[in-house]
1. Determine the alpha carbon to alpha carbon distance for each of K150/K217; K158/K214; K158/K217; K55/K150; K216/K299; K55/K158 and list only those over 32 Å.
2. Using 0.36 nm times the number of residues separating E220 and E192, minus their current alpha carbon distance, what extension gain do you get?
3. Nearest 0.05, what FRET efficiency do M113 and C48 give at R0 = 41 Å with Cβ-Cβ as r?
4. What nm value, rounded to one decimal, do you get for the distance between K128 and T285 when each label is placed 7 Å out toward the C-beta?
5. By how many nm would the segment from L74 to E210 lengthen if fully extended, with 0.36 nm per residue of separation less the alpha-carbon distance?
6. What percent antiparallel are the DSSP beta bridges of the chain, to the nearest 5?
7. How large, in percent, is the carbon and sulfur part of the accessible surface of the stretch 85-170 at a probe radius of 1.4 Å?
8. State in Å² the accessible area per residue of the stretch 1-76; use a 1.4 Å probe, count heavy atoms of protein chains only, and round to the nearest integer.
Amino acid sequence: MIDEWHGVSYHGNLEVSDVNLIDQVGRSVVLRGMSSHGMQWYPQFARCESILTTKQAGANVFRIAMYTEEGGYLTNRAVIKDVIRAVDDTLMHDMYAIVDWHILYDNDPLSHMKEARIFFDNISKHYKDSPGVIYEICNEPNGTEVTWSKNVKPYAQKIIPYIRNNSPDSIVLVGCPNWSQDVDICAADPLEFDNIMYTLHFYAGTHGDELRSKCKKAIEMGAPIFASEWGTSAADGNGGVFLNESDVWLNFLDKHHISWCNWSLADRDETSAALLPSAPPDSWTETNLSQSGQYVLSKLSGII
Ligand code: IDC
């Protein structure tokens, strides 16, 4: 629980201690906020006033989802300009910024290893003096062929040193196989770096007790977990919204001091979007919030 808003200037460099985040003087930290939708599609909601409105609701983090495919980074390098701008605007508001390498249909993070290496080397150099930047190196590895030991772990072992070389103290979030659900598999064979967290992704209309059990098991094995993406909808981003199920999830996260980002801050016509279609770019207000947006923003203060 947080009863007062605190950001980067107060907490400074974060660290992973045991399974949770602590700040520069050892205080416990929980980050809560929104995730952007794909930066190639909805950059207009990942900038100044829009991010500020989430801060005013209590958010202390913003996740910037840079898709690799579907018109994202791999075929459209210009997206970086909007990513940098979103990170800068987030930092300007004294909030933590997560730079997310949003793999999805490109199931295996190793498939774009070279591009990921160059991207993370450059971006961690650019933000080397910013304690507010967190790196999420692969959104959701998936596919039956993609395993922790053969694909995701080797990818993380190659990428993390590039980030650490520039920004030695940064927090790195690592996606798990099976759309960032198999946290227990990562927990059983952890990475040997400090300040690593494994991401747990869930959608309240699809995932429930079974995934929470996996997460509990991972925590018991000593794995630090960050719920860097969750939705009030079903896993396809639509359906519902499932607010009772979301309540159960948020209580679970709260109990375990797990930080979270909600998908997504956009006005797409799908129930997981926090804004109703045709919300004004960068200057939306409460009247533009969808049912999901109203619910999630009311939970951002951390008082559940
Ligand atoms: C969804 C978007 C949807 C888009 C689709 C494919 O909500 O508008 O058409 O991606 O790009 C995830 C992914 C996230 C998905 C989301 C909902 O990380 O990119 O967004 N989801 O399906 N994992 C589980 C669910």
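The values are calculated or read from the model by the stated rules, or taken from the named source; none is laboratory data. Everything numeric in this text was worked out from a predicted model, so none of it was measured. Here the Cβ is made from the backbone with ideal geometry for all residues, glycine too, and neighbour counts use every protein chain on show. Just the protein is used for accessible areas: all its heavy atoms, side chains included, with ligands, DNA and RNA removed. Shrake-Rupley method; radii C 1.70, N 1.55, O 1.52, S 1.80 Å.
1. K55/K150; K55/K158
2. 8.3 nm
3. Between M113 and C48 the formula returns 0.75.
4. 4.5 nm
5. Between L74 and E210, full extension yields an extra 45.5 nm.
6. So the antiparallel bridges in the chain amount to around 15 percent.
7. Its accessible area is 49 percent carbon and sulfur atoms.
8. Counting only protein heavy atoms, the per-residue value for the stretch 1-76 is 37 Å².
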